[in-house]
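The values are calculated or read from the model by the stated rules, or taken from the named source; none is laboratory data. Being a predicted model, the structure only gives us computed values, none of them experimental. As a convention, Cβ positions derive from the backbone with ideal geometry for all residues, glycine included, and neighbour counts pool all protein chains shown. Accessible surface areas use protein heavy atoms only, side chains included; no ligands, DNA or RNA. Shrake-Rupley method; radii C 1.70, N 1.55, O 1.52, S 1.80 Å.
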Amino acid sequence: MGSAEYIGPNDEVLEAQARICTGPHQSRPLGKKEGDPRPERILQLIAQSARGELAAAQRVSMAQMGAFFAAMTIRRGFGEKTGWSAAEQEAMAGCRAELEKCLPSEVLFLLHPEGGYRTTHPGAAQVAAALGKVLRGQQLDYAETRRSLAVVLADQVGDAWKAALLIGQRMNLESYDEVRGYLDAVSGAADVLPLEVDSLTHFGQPFDGAVRYFRPTLFVAAVRAALGRASVLHGVDEMPPKCGVTEEQILRALGARTEGSREEAANAIQDPEVGFAYLSQRIYAPDAYRLRTLRLHIKKRPPWATTEKAQQLFSCPHRNYMVVGFYHAGYEEKLLRLLWERGFDAGMVVKGEEGSSHYALRLGQPSTAARKALNHTRGFRREAGARRDFAADVDPGLLGFEYPQSPRPEKVSAAAFAAAGMAALAGERGHIYDRIVLNAAMVDYWLGLCAEAHEAVAQARAVVDSGRARAHLQAYIERCK
């Protein structure tokens, strides 16, 4: 029932979505001041698209319509500052008759959900029931979330409802049960593959990649592998709308194949000469991967942008760890709760560069109760069954990394990152080398794998300078050719 190929998206409507498809405190009403998108213009574009009057490249897609009207409906329950403006009220009243004539019934349901939606399709009925709650600003329980997402992943409803469900739950500030449902809908505990290694660390980075700063995760994994600390990396080749540089792109630039199976990744992790692996989402969760283009049309990040980072793919019988990047305040608690309840021996979340767990080379303003600083780190260690929490702003200057600001690379591309990372692992000093060493060291220190931060830095430097880290990365590349 979904679209094999997406038309559009329409740029004007995307701009409107960027304003209204967000939470109760951040939404910006349309037409409130000069320069804002005019709501009557947006509604006319939607009507023209529904009637087939616009060229495919300019047409408003069904996914855009779903996200837009879901947002408008949810915003009826928002406060004065983020709810409907006078211009929106006037435009909706003026266009209502026209929209009711041209919009498909599933889109009209998003604008007027109070009447319900009749369907004999069980999957559509499940999503309609879920939307009936979401569009009223309510949240789903874990089972409702899982059932609805199963329908979405199986492509049993159209793009309008997929977009409405995803953006609607994000706008309602998804509950912990919903976060847990999104995680398990893609890959649950039953899918975790056991390995025979002493310790195993999952790294969860934003799937949309880097556009400003060097992406060191792959090279950090090589450093840790040289220290006997196995790592798992996972992600995609490219994720809209940001479409930044990802680990998968860097590996391809290094000549590695990225289509390997979960079993091939397991063998690489267990090989003492390699000690880490990357696994693509298109291999371990192809249904979720197929929805990536939908993200371009809903404009804002769906809940999966949070949970996909916390996916557990493997386990080991001894010590299991996870490191996850975050940006938006509030999600750190939900992520840490996921890691604790899944039984990890230690877990940590870092507000790193571009929403990753990557530490910047300079600490800015310290964290406050309302705002978390770049390099803010929170986590836990499980000791004799008890939870020991930690929280700190990591200052690289205290570890000998003195920078007036966190440097940006001269060129942002997979090829440039691959070359810079390999040069650093060959001993070339500079900010790329320092990023790799700092990030490898801080992960091992906070997870409890090294008792002192300065000792963790010394260990990381030693395996880089000796060439051992580069040898592990080269062994992985050779294995993946």
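Details
- Its Cα gyration tensor gives the chain an equivalent ellipsoid, and the semi-axes of that ellipsoid, as √(5λ) in whole Å with the largest first, are 42, 23, 21.
- By average C-beta atoms within 10 angstrom, highest first, the peptides 188-198, 285-295, 244-254: 244-254, 285-295, 188-198
- Rel. contact order, % - alpha carbon contacts under 8 angstrom, at least six apart, the range 45-130: 29 percent
- Packing-based order for 221-228, 8-15, using average beta carbon neighbours within 10 Å, highest first: 221-228, 8-15
- Summing +1 for each Lys or Arg and -1 for each Asp or Glu among the other residues whose beta-carbon sits under 15 angstrom from that of Met442 gives +1.
- Distance from the range 436-481 to the range 118-161 (C-alpha centre basis), Å: 45 Å
- As a fraction of the 1.4 Å probe accessible area of the chain, surface on carbon and sulfur atoms comes out at 48 percent.
- Cross-link pairs Lys101/Lys162; Lys81/Lys101; Lys81/Lys133; Lys32/Lys351; Lys32/Lys411 - those with Cα-Cα distance over 28 Å: Lys81/Lys101; Lys32/Lys351; Lys32/Lys411
- Extending 7 Å from Cα along the Cβ direction at Arg262 and again at Thr293 yields two label points whose distance is 2.6 nm.
- Mean residue ellipticity (222 nm) of the chain, computed from DSSP H runs ≥ 4 via -39,500 (n - 2.57), nearest 500: -13500 deg cm²/dmol
- Ordering of 348-354, 443-449, 257-263 by packing is 348-354, 443-449, 257-263, highest average first (other Cβ atoms within 10 Å, averaged per residue).
- Here is the list for the range 409-467: trypsin sites (Lys or Arg not before Pro) lying in DSSP coil, each with at most 14 other C-beta atoms within 10 angstrom of its C-beta, are Lys411, Arg429.
- Under 5 Å from the amide H of Asp393 lie the amide H atoms of Thr377, each residue being 5 or more positions distant or on a separate chain, with H modelled from the backbone and absent for Pro and chain starts.
- Counting charges near Val186 (Lys, Arg +1; Asp, Glu -1) among other residues having Cβ under 11 Å from its Cβ returns a value of -3.
- DSSP bridge orientation in the chain - percent antiparallel, rounded to nearest 5: 40 percent
- Computed over neighbours whose Cβ is under 14 Å from that of Leu140, the net charge equals 0, Lys and Arg +1, Asp and Glu -1.
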